[in-house]
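The values are calculated or read from the model by the stated rules, or taken from the named source; none is laboratory data. This structure is a prediction, so every number in the text was calculated from the model and none was measured. As a convention, Cβ positions derive from the backbone with ideal geometry for all residues, glycine included, and neighbour counts pool all protein chains shown. Side chains included, ligands, DNA and RNA excluded: accessible areas come from the protein's heavy atoms. Shrake-Rupley method; radii C 1.70, N 1.55, O 1.52, S 1.80 Å.
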Amino acid sequence: MHRANASVLLGLGLLACASGGGGARGHGAALGWSLGGEAHVFVADDRFARDFYRELTGSGRLQDTLAERPLIAVEPRAVRGATVLSARGAAPARLTLVRFHAAEACGARDLVTELVLAFPPGSGAGRITPPSHVTVVALLDVPPFTSSARPQGALLSRVNALELVRQVAQRAETHGTLLSSFTLDPDKAADAGEVITVSKGRYAVGFRARFLVGGDDTLLVTGVALTDTGARDLRWVMRPVRSRLTNGMMSSGSGASRYSLRGAVAGEGSGMLLVLDEIADVSPRDSRATAVDPETGHVVAAQPLALRCP
């Protein structure tokens with residue numbers, strides 16, 4: 001996935017903090033979802049929105065204009081391509097519309113840029129074009145490439161998947177005692193985990209586990225790992241995070257999050273990106289959905305988890 005990784009990493013400064021220099025041009029990555037023959041991906045960042053609006057319109061008055069109406073739609077004058085990654089593979093797309101949403105209009109503190117990407121018609125495109133209502137990652141200004149990755153649900157039996165979650169959690173906290181058995185449920189806050197097949201005999205495992213440590217302290221330990229079936233050859237994608245629980249809740253001074261493994265999208269060659277929710281229980285507005293390169297642990301795209309645009 002080397003070429004795809006280079007493309008998205010070049011765009012991290014642009015999308016995450018709108019790095020100085022170059023405006024909105026260049027490579028970038030954004031998270032979103034598919035709808036029929038389109039993908040809608042989102043960037044929640046003031047500077048990105050201002051720079052992209054100036055690039056498209058020549059005007060630097062985006063925030064003044066949004067103060068008059070909370071949504072502005074702009075059609076790009078020049079053709080701009082993208083590659084949209086889903087569980088089916090890497091599909092070519094074309095930027096057809098950009099919508100700029102005022103701060104707070106989508107539930108995010110920042111201005112939100114919505115990019116509408118259309119998939120070209122054709123018999124061959126159907127095999128890799130994502131179906132409706134699935135998570136996608138768009139690589140902006142990246143030519144189409146070949147992907148043989150086909151992320152899929154755990155091929156392990158339920159019993160073996162639960163045992164693998166337990167083994168990975170125990171590797172994260174060797175001195176504590178697990179307080180409960182696990183379920184396979186990405187929506188459960190504790191005592192739960194997920195397993196996704198990434199290659200033959202290799203799995204991505206996310207978990208949220210409660211441990212009793214030191215006699216009477218309860219910790220919530222969470223992380224994401226790549227491992228084999230016996231959790232022997234294990235490498236952390238998101239290193240374990242430990243939070244002390246009081247009456248089952250994280251303390252108000254804790255800045256820790258918990259990780260939920262939501263799926264994966266294809267990358268170049270046989271690579272893929274993992275889709276994670278990073279949930280901040282103490283400060284819910286800091287929760288975010290992310291696409292992570294499992295080989296490096298780099299977050300290549302992110303957006304607020306509560307993002308909802310009208």
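Condition check: of a type outside the set (A, V, I, L, M), out of contact with any Phe, Trp or Tyr (no Cβ under 7 Å at 6 or more places or on another chain), touching a residue at least 12 places away in the same chain (Cβ under 8 Å) and open to solvent by 70 Å² or more (accessible area, probe 1.4 Å). Does PRO131 satisfy that? Spelling it out, it is not the case that PRO131 is of a type outside the set (A, V, I, L, M), out of contact with any Phe, Trp or Tyr (no Cβ under 7 Å at 6 or more places or on another chain), touching a residue at least 12 places away in the same chain (Cβ under 8 Å) and open to solvent by 70 Å² or more (accessible area, probe 1.4 Å). Among the residues of the range 70-87, are any among the β-branched types (Val, Ile, Thr) and within 19 Å of PRO304 (Cβ to Cβ)? No, because not a single residue in the range 70-87 is among the β-branched types (Val, Ile, Thr) and within 19 Å of PRO304 (Cβ to Cβ).
Screening ALA18, ALA4 for residues that are on the phi > 0 side of the Ramachandran plot, hydrophobic (A, V, I, L, M, F, W, C), surrounded by 18 or more Cβ atoms within 10 Å (Cβ to Cβ) and modelled with pLDDT under 90 leaves exactly one candidate, ALA18.
Every residue, every condition in (1) closer than 17 Å to LEU276 by Cβ; (2) touching a strand residue (DSSP E or B) at 6+ places or on another chain (Cβ under 8 Å); (3) not hydroxyl-bearing (Ser, Thr, Tyr), yes or no:
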position	(1), (2), (3)
GLU173	no, yes, yes
LEU220	yes, yes, yes
ARG232	no, no, yes
ARG239	yes, yes, yes
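Counting only residues that are closer than 24 Å to CYS106 by Cα and open to solvent by 40 Å² or more (accessible area, probe 1.4 Å), the range 264-296 holds 7 of them. Cβ-Cβ contacts under 8 Å between residues 6 or more apart (or on different chains), taken from a first residue in the range 283-302 that is charged (D, E, K, R) to a second residue that is surrounded by fewer than 16 Cβ atoms within 10 Å (Cβ to Cβ) and assigned to a loop (DSSP other than H, G, I, E, B), are listed as ARG285/ARG109; ARG285/ALA306. Applying the set (1) open to solvent by 20 Å² or more (accessible area, probe 1.4 Å); (2) modelled with pLDDT under 95 to SER86 leaves exactly one unmet item: (1). For the range 193-221, give me each residue that is closer than 16 Å to PRO294 by Cα and part of a strand (DSSP E or B). Correct list: GLU194, VAL195, ILE196, THR197, VAL198, SER199, ARG202, TYR203, ALA204, VAL205, GLY206, PHE207. Checked against (1) farther than 17 Å from PRO186 by Cα; (2) in a strand (DSSP E or B), THR229 passes all but condition (2).
For GLU278, state whether it is more than 19 Å from ALA172 (Cα to Cα) and of a type in the set (D, E, K, R). Steps first, answer last, please.
Values: more than 19 Å from ALA172 (Cα to Cα): no; of a type in the set (D, E, K, R): yes.
Criteria not met by GLU278.
Kindly indicate the residue of the range 207-218 that is in contact with an Asp or Glu (Cβ under 7 Å, 6 or more places away or on another chain) and either of a type in the set (Phe, Trp, Tyr) or open to solvent by 20 Å² or more (accessible area, probe 1.4 Å) (or both) and also farthest from HIS175 (Cα to Cα) among those meeting that condition. For the range 207-218, the residue satisfying everything is ARG210.
In the range 44-132, counting only strands (runs of 3 or more DSSP E) that sit wholly within it, none holds 3 or more residues that are among the basic types (Lys, Arg). Considering each residue of the range 227-240 in turn, at least one proves to be aromatic (Phe, Trp, Tyr) and open to solvent by 30 Å² or more (accessible area, probe 1.4 Å).
Residues checked against (1) touching a Pro at 6+ places or on another chain (Cβ under 7 Å); (2) at pLDDT 95 or above; (3) within 30 Å of THR83 (Cα to Cα); (4) open to solvent by less than 40 Å² (accessible area, probe 1.4 Å):
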residue	(1), (2), (3), (4)
THR113	no, yes, yes, yes
PRO121	no, no, yes, no
GLY124	no, no, yes, yes
VAL142	no, no, yes, yes
VAL159	no, yes, no, no
ALA189	no, no, no, no
VAL195	no, yes, yes, yes
LYS200	no, no, yes, no
VAL205	no, yes, yes, yes
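Within the range 40-83, if we keep just the residues that are within 30 Å of GLY263 (Cα to Cα) and touching a Pro at 6+ places or on another chain (Cβ under 7 Å), the residue that is surrounded by the fewest Cβ atoms within 10 Å (Cβ to Cβ) turns out to be GLY81.
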